[in-house]
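Have a look at the structure below before the remarks.
The values are calculated or read from the model by the stated rules, or taken from the named source; none is laboratory data. Note that this is a predicted model, so its numbers are computed, not measured. Glycine also receives a Cβ, built like all others from the backbone with ideal geometry; neighbour counts cover every protein chain displayed.
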Amino acid sequence: MVKRADGIYRAGEGDESSVAADGWFALTALVAGVLVALVVYLRTRPGRLGPLLGLVVGGVLGSVVAWRTGAMLGPDSLVSTAAGLKVGARFEGPLDISAYGVLLAWPLGAVITYFAVAAGAEATADEPDLESLIPVDPAAPSEPR
């Protein structure tokens, strides 16, 4: 943040700093979603709707909590922080996001990972038994089981 004579503005070239902050938030939320989905899949039975809905709701709540925690880590009030500074002085602002769509990175990462892992596990479980594909000679004596 930078204090100017006409107010307080974001420091940096245009909106690059806010886009970078949103990108970092989206990346960390995506990684959290993938990790949570893997844990949920391994701890629950696949193919259930409950864990999937839990991943979506929990992902949105996790993103909102992470966003608000970042905002609380910054200064309480930008105006009070900038009040004692000279014009042109730079100072740290709150950890905030400007694109609210990044709040969906966590649940999207979780749902996509859950479906991918479930589809991969289901594909290996449905492979046919190779012995059932070998033709049986009806004239050959059968073994007693």
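Below, the figures for the structure above:
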item: Residue match in region 76-99 (condition: among the β-branched types (Val, Ile, Thr), in contact with a Pro (Cβ under 7 Å, 6 or more places away or on another chain), surrounded by 13 or more Cβ atoms within 10 Å (Cβ to Cβ) and at pLDDT below 85); result: yes
item: Residue within region 102-115 that is at pLDDT 85 or above, surrounded by 10 or more Cβ atoms within 10 Å (Cβ to Cβ) and closer than 30 Å to Lys3 by Cβ present; result: yes
item: Count of residues meeting criterion [free of Cβ contacts under 8 Å to residues at least 24 places away in the same chain and either touching a helix residue (DSSP H, G or I) at 6+ places or on another chain (Cβ under 8 Å) or closer than 19 Å to Gly23 by Cα (or both)] in region 62-101; result: 8
item: Candidates Gly33, Gly47, Gly23, filtered to the one that is part of a helix (DSSP H, G or I) and either at pLDDT 95 or above or at positive phi (or both); result: Gly33
item: Matching entry among Ala37, Ala5 (being in contact (Cβ under 8 Å) with a residue 60 or more places away in the chain and within 28 Å of Gly120 (Cα to Cα)); result: Ala37
item: Qualifying residue in region 55-69 (condition: of a type in the set (A, V, I, L, M, F, W, C), buried (at least 17 other Cβ atoms within 10 Å of the Cβ), at pLDDT below 85 and under 24 Å from the mean Cα position of the chain (by Cα)); result: no
item: Condition check for Glu131: at pLDDT below 90, in a helix (DSSP H, G or I) and loosely packed, with under 11 Cβ neighbours inside 10 Å; result: yes
